[in-house]
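A quick write-up on the structure given underneath.
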Amino acid sequence: MFEPAIELMKPEALLELQNERLKKMIRYAYDNVPFYKKKFKEKGISPDDIKSSDDLHKVPFTVKDDLRDHYPYGILAVPREEIVRFHSSSGTTGIPTVVGYTRKDLETWSRLMARTIACPGTKKGDIMQNIYGYGLFTGGLGFHYGAELLGVSVIPTSTGNTKRQLKIMRDMKTTAIACTPSYALYLSEAAIDEGYKPKEDFDLKYGLFGAEAWSEEARKKIQDTLGLGAYDCYGLSELYGPGVAMECEHQNGLHIWSDEFLVETTNPDTGEVLPPGKRGELVFTMLTREAMPLLRYRTKDLAQISYEECECGRYHPRILRVSGRSDDMLIIGGVNVFPSQIEDVLFKIPKLGDQYQILVDRKILDKMTIKVELSQEAATDKNLDRNALLKRISEELVAVITIRPKIELLEPKTIPRSVGKAVRVIDLRKSN
Ligand code: DLL
């Protein structure tokens, strides 16, 4: 554990720390960010009205569009000269979100990342190959500085060149890899293709995987092939980047570092705060951010939170896996479908590979087609009954998503692989 005194805090002490920080933060944001002063005034509230987290619901929400509206520097609480780093996320609308960090913010983020990397057990002596992209994306530099602070040996390979990644992994005896889960699936496949016997040739123990939604089935596949423990890591650029929440060795949810982030779950349609344990949109308030303090930031990520003590001794509440984003949800002929539900079904069917794509189109009615690759063995099995397989996929999907998409079986390696976040859904209705 990197910071046991904070990580093992009892709920009462954690709440006290949060309330103390929250009051300071509300005053700080009000005094230093004109955007917040205006919002508070419009709502008729003053910082003194927020005495504890029980009053948080009075504070107006912040959304991604607020950041875009103030592009590039508008929501900063410090003069631009105090910013020592910028990151940016491209998003889908074309207008990027720029995020600034003061020196103190970078120190806080590095501590959070050291905690994150240490959470499943990675420690000094481990060798971490950092395959997240270095650059405007927060994954690369976030993991890099956290690992250095923890004392782990970092190999900053960044994304791409899979053959070289595998060679380095073997030659340098990498014990931890950090990348997106979809790239980890690809690495598993490429390792076999290149003739490696991953469990014998590699020394991997920890996989620190995040930046996109993934399923328990994906976890099993990666663990079984690469012979490591695969741990889920959550974060977003607006809240520093990775390092908001991380799974421990028990793999039963991601601990939200609650001394720095206050979390609420809300109804994504009405904004109403939901009782603890109910699934909803995650909303975060940053408790010590200097450059860009965000209050009640709506993430659009949907999840359920557990406040029970974890076997590891931490009380920091756990996200029970992010099931997807409210804006990832597909509405097909009026039925709500999450891509993660489809992945769960596909990955449980033995003859299928790891790669799939969901295409949605509308001629007259909405139409969904799922293209999925066969596994290597299935593709070469002369006795494979493709019709029976198609029927099974169809039946299992209907049981979960209630609609019957068209299924196409593809040969292995026909769907393009991504080095960062995978593109699984192509919704042609959006461009029509
Ligand atoms: O993806 C930061 C990050 C880097 C997290 C490396 C973990 C590891 P953004 O590019 O701003 O930041 O994207 C943030 O990605 O709102 C979620 O929708 C999604 N996301 C991130 N982690 C997870 C996860 C980084 N573990 C957006 N599970 C978030 C599901 C995730 N979705």
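Numbers below:
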| item | result |
| --- | --- |
| Principal-axis tilt of helix 103-118 within the chain, Cα atoms, nearest 10 degrees | 40 degrees |
| Across 104/421; 64/406; 278/300; 199/351, pairs whose alpha-carbon gap is larger than 26 Å | 104/421; 64/406 |
| Between helix 162-171 and the chain: long-axis angle, C-alpha atoms, 0 to 90°, nearest 10 | 80 degrees |
| Fraction of antiparallel bridges per DSSP, the chain only, in percent to nearest 5 | 60 percent |
| Lysines with Cα under 18 Å of residue 58, excluding same-chain neighbours fewer than 8 positions away | 23, 24, 37, 38, 39, 41, 43 |
| Relative packing of 158-169, 315-326, 296-307, which averages over residues the other C-beta atoms within 10 Å, highest first | 315-326, 296-307, 158-169 |
| Cα-based helix-to-principal-axis angle, 386-401 vs the chain, degrees rounded to 10 | 20 degrees |
| The range 1-325 - charge dipole about Cα centre, Lys and Arg +1 at Cβ, Asp and Glu -1, debye rounded to 20 | 520 debye |
| Per-peptide average of other Cβ atoms within 10 Å, ordering 187-195, 203-211, 374-382, 249-257 highest first | 203-211, 249-257, 187-195, 374-382 |
| Summed residue charge, Cβ within 13 Å of residue 138's Cβ, Lys/Arg positive, Asp/Glu negative | 0 |
| List 153, 258, ordered by accessible area with a 1.4 Å probe, largest first | 153, 258 |
| Radius 12 Å from Cβ of residue 280, net charge of other residues (Lys, Arg +1; Asp, Glu -1) | -1 |
| Förster radius 25 Å - calculated FRET efficiency between residue 163 and residue 382, Cβ distance, rounded to 0.05 | 0.20 |
| For the range 1-59 versus the range 265-289, the gap between their alpha-carbon centres in whole angstrom | 15 Å |
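The values are calculated or read from the model by the stated rules, or taken from the named source; none is laboratory data. This structure is a prediction, so every number in the text was calculated from the model and none was measured. As a convention, Cβ positions derive from the backbone with ideal geometry for all residues, glycine included, and neighbour counts pool all protein chains shown. We work out accessible area using only protein heavy atoms, side chains counted, and drop any ligands, DNA or RNA first. Shrake-Rupley method; radii C 1.70, N 1.55, O 1.52, S 1.80 Å.
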